[in-house]
Each structure stands twice: as structure tokens, then as C-alpha cells.
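Note sheet for the following structure.
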Amino acid sequence: MTRRTKAGLMLALLALLAGAVTFARSEKAMAWRPWKKSKAAEPRTAKVEKGDIEIHFKEVGELAPKLDIQVRPPVDGQVKSVLVQEGDPVKQGAPLCTIQPGKTEAEQKLYLPTTVRSPIDGVVTYLLTNDGDTVSAGKDDFIRVADLRRMIVRLEIGEVDVLKIKAGQSAAVTVDALPNEIFAGKIYFISPGVVQRRDGNNWRDSTSKKFLVKVDIDKSDRRQRPGMTARID
């Protein structure tokens, strides 16, 4: 064997020996890797506690007087004189208008005029009659009187959302016209059936399947007016 051949064999042997050492080190690293602890792999713990699952509900409605009375004529006849105007404050028992009973002049001569009086202390919010109008007993909504000292929020809520609330729940009330002010309230009425709409002389269920909900405001504000947009949370 020549000297050149011996040198080549020595170089090849050294190369094989270096590869074996590298492989052994790699195998050793792989063998230890699963046993190394990692902060990311450490389990996280928390104390288990019993509590309530909160369903957050928000909806938009409008302000309305809690006590709003539709005054209807007590007799058939003709309105002789209207004694109030819209916006007038009235006391319970104050005269609102006079009606002459009877449908004809002959019948009217047989009866004395009837005075229609306010059923509550409040404000005349709507006046739907004038002198000379003919009215029917109990049928015509011709004067409305409301107590504006106590306001509520009226909402119409869908059939899915109505199941999320119940009477007695507290609610935060905000009014668009009074930004940055929150009024405490409480749900006190949820209609047992869907809202009905008048169709001629008949009432029919609303096609939108809405339920009437009323929220009482604990402390009403004189700046609150019927019809203002209100939001409950």
C-alpha cells in the first residue's frame, strides 16, 4: 500500500468518526428535549366560583305619561262649548267642555247640557273636538288628560328578546334630549300577548310580533316630554 493510499484511508476514517460524533450528540439532544420544562407548557389554574350568567339587554322606546286618560263623551249629542286648550293644566273635576244631549233639535230641548270634567289633575295633551261637533257616547276619544309628573318608557319588543326580561328588573334609562344623564327605572309591565293594531272596527295582532313593555322611571324630570326617544339598558 502506497503512502498516498494510506493518507486517503486516514482522511476517510476521520470523516466517518466526526459524523458519528455529530449524530450521537443530535440523538442525545432529541432524547432530552421532551423532558425540558417550558413556561408556555405549564398549566394555568383558576378558582372555580358559582355566579350568575348575565344577559345584557338594550332597547329603544319613547317617553309617555304613566297616567294618560282618554276622556270620552258620556252622552250622544252636540258639543256646545270647549272650555280648555291643549297644554292647559287642569284639576280633577275641572270642566273641559259642555255637550247638549240629543241628536235632533227636538231631542235637545228635552235635556239640560252635560258638563264633561277632568278625571285627574294633569295637563290637556290632546284636544280632538271643536264647538258644534256631534259626538257619540263612549265612542269618540275627544280629549286626553295626562299627569306629566310621572313618566314611563314604552317599548315594543320582539318575541325572542321579550324572554330575556321580566317584571321587577331594574333598568338604566337615558333620554336622547338629555345627554349624559341616567335615570333609574324598573320594568313593571310586559304584555301577555302581542301588540294589536286597529283595522277599521276590528283589532288584529301585529304582524311584527311585538310585545308592549313599560318601564317606570323612579324620578321623573320636568324636562322629560311625551314622545321623546328613550333607551333602556
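The values are calculated or read from the model by the stated rules, or taken from the named source; none is laboratory data. Model, not experiment: these values are computed from the prediction. Positions of Cβ are backbone-derived with ideal geometry, glycine not excepted, and every protein chain shown enters the neighbour counts. Note: accessible area is taken over every heavy atom of the protein model, side chains too, but ligands, DNA and RNA are not part of it. Shrake-Rupley method; radii C 1.70, N 1.55, O 1.52, S 1.80 Å.
Quick notes on this one:
- Computed over protein heavy atoms with a 1.4 angstrom probe, the accessible surface ordering of LYS50, LYS80, LYS58, LYS103, largest first, is LYS50, LYS103, LYS58, LYS80.
- Beyond 30 Å in Cα-Cα separation lie the following of the pairs LYS66/LYS210; LYS66/LYS139; LYS91/LYS210; LYS80/LYS139: LYS91/LYS210.
- Spin-label zone in segment 153-177 - amide nitrogen under 19 Å from a point set 7 Å from the Cα of ASP218 along the C-beta vector: 153-154, 166-175
- Solvent exposure of segment 79-233 as accessible area per residue, Å², 1.4 Å probe: 62
- Averaging 1/r across all pairs of distinct Cα atoms in segment 76-193 and inverting the result yields a Kirkwood radius of 17.7 Å.
- SER208-LYS164 FRET efficiency (beta carbon distance; Förster radius 22 Å; 0.05 resolution): 0.80
- For segment 93-161, the list of GluC sites (Glu not before Pro) that fall in a loop by DSSP and count at most 14 other C-beta atoms within 10 angstrom reads GLU159.
- Electrostatic bookkeeping for VAL175 treats Lys and Arg as +1 and Asp and Glu as -1; over the other residues with beta carbon under 11 Å from its beta carbon, the sum is -1.
- Sites TYR188 and GLN70 - FRET efficiency at Förster radius 25 Å, r taken between beta-carbons, to 0.05: 0.75
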